[in-house]
Amino acid sequence: MRLEVYGDDEEGRIAISSLKRVLVNTDYVRVDPHPTNIMNIIIPNSTLGDDTIIHSWYSPITNTRTLEFRNDLPISLPTEILDKEIFVLLDKFEPVNLDFLNHIKTKKVCLDIGHYRFIEHFTKQYLTTFFKHANLIQLNYHVCDLLFERLQIQNEFEFFDLLDLDLLVITKGKKGATFLFKENGTFQSIDQSPEIIAKVRDSSGAGDAFFATVIKQYAYCSKIDRDFVSNTFLIANKASRDVIATMGSRRV
């Protein structure tokens, strides 16, 4: 039996109410005492063989912050992690998140742009300022034309160069993904296609699974090259395939 959880906050309750309205059985869904994850900061920990989620905050529904640090974010982080490189994962580009990024130095920023609605209300100048914090961006190919039009650029190469990224991943559903990076100062664009096309039972969470795997590989890699791309796509594609083969966006 799979057991799903939701956070003990308004977002979690709204999610459950929405499921009930469409007659989804939520009898086996339990409440987690922590707030629903919105923004995560992750510190890779190779000695433990796992990653540690340090913080989750900001609710796009209630526009409130769910602070769990003893210090007052976004001005400072706990002293025990100030000297560590942290990974900030975002798919919301609100000013409160930009404020956070402006105050944290030792960070790698990973952005997931999966739908145009995430960015449609922001100006070109604001988006450019926000995105320039990024080190890694995953971009759904459906968003590319509209995003590039908003930023007044021509293509993914100009987008990559504008932001000076470490890695740009453009996901294309069943067609795979394109990875853009620089090697010895030269643009590299590598298309990867899946060898196995899984039967889709529920596509919910496929992009998140792919993104999570890419970030994990990125966090531990010594350099980004063709071998990195090939290996990362193989693992990330399998993660997505496992998700879409089952009902629901999370497996435990």
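So the values come out like this:
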| item | result |
| --- | --- |
| Matching residues, region 160-177, being over 27 Å from residue 195 (Cβ atoms) and either assigned to a helix (DSSP H, G or I) or polar (S, T, N, Q) (or both) | 161, 162, 163 |
| Residues located in region 120-159, provided they are part of a helix (DSSP H, G or I), out of contact with any Ser or Thr (no Cβ under 7 Å at 6 or more places or on another chain) and among the aromatic types (Phe, Trp, Tyr) | 126, 130, 131, 148, 157, 159 |
| Long-range neighbours under 6 Å by Cβ, at least six apart or interchain, first residue at positive phi and of a type in the set (Gly, Ala, Ser) within region 86-105, second modelled with pLDDT of 80 or more and assigned to a helix (DSSP H, G or I) | none |
| Scan of region 183-195 for residues that are assigned to a strand (DSSP E or B) and either in contact (Cβ under 8 Å) with a residue 24 or more places away in the chain or not assigned by TED's automatic domain parsing to the domain that holds residue 135 (or both), ordered by number | 183, 187, 188, 189, 190, 192 |
| Restricting region 145-198 to residues that are surrounded by 12 or more Cβ atoms within 10 Å (Cβ to Cβ) and of a type in the set (Gly, Ala, Ser), the residue that is modelled with the lowest pLDDT | 198 |
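The values are calculated or read from the model by the stated rules, or taken from the named source; none is laboratory data. Since the structure is predicted, the reported quantities are computational estimates derived from the model, not experimental observations. When we count neighbours, we look across all protein chains shown, and the Cβ atoms used for this are built from the backbone with ideal geometry, even at glycine.
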